[in-house]
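What follows is a short report on a single structure.
The values are calculated or read from the model by the stated rules, or taken from the named source; none is laboratory data. Being a predicted model, the structure only gives us computed values, none of them experimental. For neighbour counting, all protein chains shown are included, and Cβ atoms are generated from backbone atoms with ideal geometry for every residue, glycine included.
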Amino acid sequence: MLGEYPIEGRGAAEIAGSVERAVSSGELRPGQVLPPLRELASRLGVNPNTVAAAYRTLRERGVIETAGRRGSRVRPKPATTGRDELRVEVPPGVRDLSTGNPDPVLLPPLGPAFADAAARADRAPVLYGTEPVDPDLARIARAELDADGVPEGPLTVTSGSLDAVERVLAAHLRPGDAVAVEDPGWGSVLDLVPALGLRAVPVGVDDDGPRVEELRAALAAGARALIVTVRAQNPTGASVSASRARELRAVLRAHQDVLLIEDDHGHGFVDLAPHPLAGATAHWAFVRSVSKNYGPDLRVAVLTGDARTVDRVRGRQRLGPGWVSLLLQRAVARLWADGAVDGSVARSYGARRKALTDALARRGVTAFGRSGMNVWVPVPDETGAVARLLQSGWAVAPGARFRLDTPPGVRITVSPLAEADIEPLADAVAAAVRPSPARSYG
C-alpha cells in the first residue's frame, strides 16, 4: 500500500488493477489526483515506463484522465463505478420516480408468445449452424423500418440497444477516438464510451434533437462517431424533428467517414414519427429495441446498417455469444405481429408527461418532455433539489447521471404517476427547485 494512495503492484497490469479496485471501493474518489508518474515509480520501486503503461491502460479504460501539467486524476464519473452509483437511496414510504422503468400495467402478457416459441422449439430444436436471425422477426422489422424511411441494409439481432451500440463502436473505432454524444444523454452510453477507451465529446440537445452548430463543431474537432437518440431521448424526452433531421443530415454528408449510430428505443410507445439520419454517412447503424414495449428483461434489439458495419458486428458476435436466443426472437416476433403494444400506450405516457409539464408551467417551473416516459427539469442546485424532494416524499434521478457539460437538472419518470399524483408532485418540485432556471436544457 502506498501511503495515502491505495496503489500497489510491480507490473503495469497489477498497478492498473490496484487503481481500479481502489476506485470501485471508494478509496480513490472521482477527481482525486494520482501521484506523478516518476514519484509513483520511485515509491513502488519500478521503472517509470511501467507506471506510464499502467496510466495509459487506465485512460483507455475510462478510469482516469490526464490534464497536462495538472497531472492524472480519477475521472469525475469513472467507468469503473458507473453512473448508476449516482442513484438516490429511496427510503420506505417515498414514491420512486427515478428508475426510468415502464409502467408494468402497460406491459403485455408474455406467456402466450413464449409458449408458442417454446412449442416451436420442441418440434424443431435450434441447433448449432441455424440461421442466427429469425426470418419472421426480420420480415416484420424490415417492413416497419421501410415504412419509417430507414435505408435498406442487412439485419442482425443483439441483446438490447446498449449491446448494439457497443458492438458497432468496437467494430469501427480504436481507443483514443472521439465520439460525439448527446448532453444530457443516456447515462449508460456516457459510461460505455470511456469504458471502451474512447473520448466523449458533448453535443447539446434541445426538444428537436442534437444542436446543429454543436455537432458541426464536434465533427470539425475530430469526432469519429455520433450517437443519436431518434425519439424519447433519455433524460430530456427530445425527438429529432423533420427540419432538424434535414439540417443534421446536411452536416453529416460533409463527413462521410463519421460513424453514425441511431437508437430508436422509443418504437411502439412514442406517438411521434421517427426522422432517421441513416445513410447520411458511409457507415451507419440503426437500432430498434423492445425493452420499453415488452419489458426490460426482454433483451432483444434489431440492428440494421451498411453492409460492412453489420458484417463486422455479426462476425464478432459469432466469436462471442454466437447469437441471440431464437426463443427470444420468436417470442418478440409474435408480440410484434400481434400488435401487443398499441397506440394507447403512447397516449398514456403522453398524457402523464403533459399533465406534469403543464402543472409545473403553471407554477413557473421549466420542464421538458416532448416524448417518452421522462421529464427533465433544470435546477439551480441539483443536490439540494433531490434532497428536498426526498423530504417531500418523492425520489427523482439526479441529473449528474446524464450530464457532461450541461448545467444541473433532475429527471422525473412519469410511468408510476396517477392523475391524483400530478398536483402534489408539481407543488413539491416547485418548492424544491426555485428559482427555476431559464427555458433551456443548458
Test: residue in the stretch 84-95 that is under 28 Å from Ala285 (Cα atoms) and within 27 Å of the chain's Cα centre (by Cα): yes
Every residue from the stretch 143-174 that is in a helix (DSSP H, G or I) and either in contact with a strand residue (DSSP E or B) (Cβ under 6 Å, 6 or more places away or on another chain) or in contact (Cβ under 8 Å) with a residue 60 or more places away in the chain (or both): Glu144, Leu145, Ser161, Asp163, Ala164, Val165, Arg167, Val168, Leu169, Ala170, Ala171, His172
Residue within the stretch 82-102 that is under 26 Å from Arg174 (Cβ atoms), part of a loop (DSSP other than H, G, I, E, B) and at pLDDT below 90 present: yes
Top-ranked residue of the stretch 289-312 - restricted to ones that are more than 19 Å from Trp323 (Cβ to Cβ) and basic (Lys, Arg), ranked as surrounded by the fewest Cβ atoms within 10 Å (Cβ to Cβ): Arg308
Conditions (1) at pLDDT 95 or above; (2) out of contact with any Pro (no Cβ under 9 Å at 6 or more places or on another chain): number failed by Asn374: (2)
The stretch 224-238: number of residues that are assigned to a loop (DSSP other than H, G, I, E, B) and hydroxyl-bearing (Ser, Thr, Tyr): 1
Candidates Thr413, Thr406, filtered to the one that is modelled with pLDDT of 95 or more, of a type in the set (S, T, N, Q) and not assigned by TED's automatic domain parsing to the domain that holds Ser188: Thr413
Val240 being aliphatic (A, V, I, L, M) and in contact with a helix residue (DSSP H, G or I) (Cβ under 7 Å, 6 or more places away or on another chain): no
The one condition in (1) crowded, with 20+ Cβ neighbours inside 10 Å; (2) within 24 Å of the chain's Cα centre (by Cα); (3) modelled with pLDDT of 95 or more that Val341 fails to fulfil: (3)
Complete set of residues in the stretch 258-288 that are within 14 Å of Asp146 (Cα to Cα) and surrounded by fewer than 21 Cβ atoms within 10 Å (Cβ to Cβ): Ala273, Gly279
Flag if Val324 is within 30 Å of Leu137 (Cβ to Cβ), in contact with a strand residue (DSSP E or B) (Cβ under 6 Å, 6 or more places away or on another chain) and of a type outside the set (Ser, Thr, Tyr): yes
Flag for Val313 being outside the structural domain of Arg299 (by TED's automatic domain parsing) and among the β-branched types (Val, Ile, Thr): no
Top-ranked residue of the stretch 205-216 - restricted to ones that are touching a Leu at 6+ places or on another chain (Cβ under 9 Å) and either farther than 26 Å from Glu60 by Cβ or not assigned by TED's automatic domain parsing to the domain that holds Glu262 (or both), ranked as surrounded by the fewest Cβ atoms within 10 Å (Cβ to Cβ): Val212
Qualifying residue in the stretch 342-364 (condition: in contact (Cβ under 8 Å) with a residue 60 or more places away in the chain, assigned to a loop (DSSP other than H, G, I, E, B) and of a type in the set (A, V, I, L, M)): no
Filter pass, Val179 being modelled with pLDDT under 95, of a type in the set (A, V, I, L, M) and within 14 Å of the chain's Cα centre (by Cα): no
